[in-house]
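The values are calculated or read from the model by the stated rules, or taken from the named source; none is laboratory data. What you are looking at is a predicted structure, and each value in this text was computed from that prediction instead of being measured. Positions of Cβ are generated from backbone atoms using ideal geometry, with glycine treated the same way; all protein chains shown enter the neighbour counts.
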């Protein structure tokens, strides 16, 4: 009888342990790549920075050989990254899942109803007909464009085909759908936790999420649109796999272009880890969850004053780091 009770207790204990292990990790941030336990953190602040990919200091992320914007778009289209929104809670908490297709397909310019469908070289067309046909983009990708036939095109003899539409025969009305391309991305929003580990007496920049920043002329102040967010942990996993690929072309996709010594072979992950970029602070964690610009605008201050405040916030963080070293 005692053995039976003891065995039942062991089974109950093992079930409790397995259930505890299946629960989400609460000792450290599950979205973190550094995995610093909360009880080891003397100081932590969440900071958002905007990395301008057109800035010379950040040109290593956007070169002719490798582009982090193109890499992100390609991984999204391959289904290896997942997108999140920033309307619910903090974007770096990934509470608002957004369909990848919604992020990739920016806009539908034309629909197929009322057209002749896909261009068929074996049939004839009348002036005014609308057709769709694939067009090769400058970056090598293809997209469907709508064409308006300008002159009648007779059907070819049986067994032959009409040549593809010329500029005299048809007018290109543009792409059927506007999709997210590397050229649309002008910057990246980096959301990270600035953590001082009291056990190791060291400051860590724990990157959690990366936001896709697009050009937005309707935004009078910043001219930017923060489109969607991806998990840095997911991106780091994909970059690490590509960096160790046997295919040289795959390794080149994630190579950070070092202007001083390309033979060092640094990847995008190395550049983030070593802070080889310049990002202007957009927001520091606050109860109202306002950006620095919003705080100034809400108080009737000018945009230029908010720009200086961002630099001042950078200096405050550096001073805080200096003071923590004396701990």
Exercise for review: Looking for whichever is buried (at least 16 other Cβ atoms within 10 Å of the Cβ) and assigned to a loop (DSSP other than H, G, I, E, B) here; the options are 272, 277. Which one fits?
Suggested key: 277
Revision key, fill the gap. Flagged pairs (Cβ under 7 angstrom, 6 or more apart or on separate chains; first in segment 310-324, within 20 Å of residue 297 (Cα to Cα); second surrounded by 15 or more Cβ atoms within 10 Å (Cβ to Cβ)) are 310/280; 310/281; 310/292; 313/281; 313/284; 313/292; 314/281
**Study point:** Options 120, 74, 139, 172: the member that is modelled with pLDDT of 90 or more and part of a loop (DSSP other than H, G, I, E, B)
**Key:** 120
Check your understanding: Do the conditions hold for residue 125, that is, is it modelled with pLDDT of 90 or more and farther than 19 Å from residue 238 by Cβ?
Key -> yes
Exercise for review: Take residue 308 and decide whether it is within 21 Å of residue 188 (Cα to Cα), in the same structural domain as residue 191 (by TED's automatic domain parsing) and out of contact with any strand residue (DSSP E or B) (no Cβ under 9 Å at 6 or more places or on another chain).
Suggested key: yes
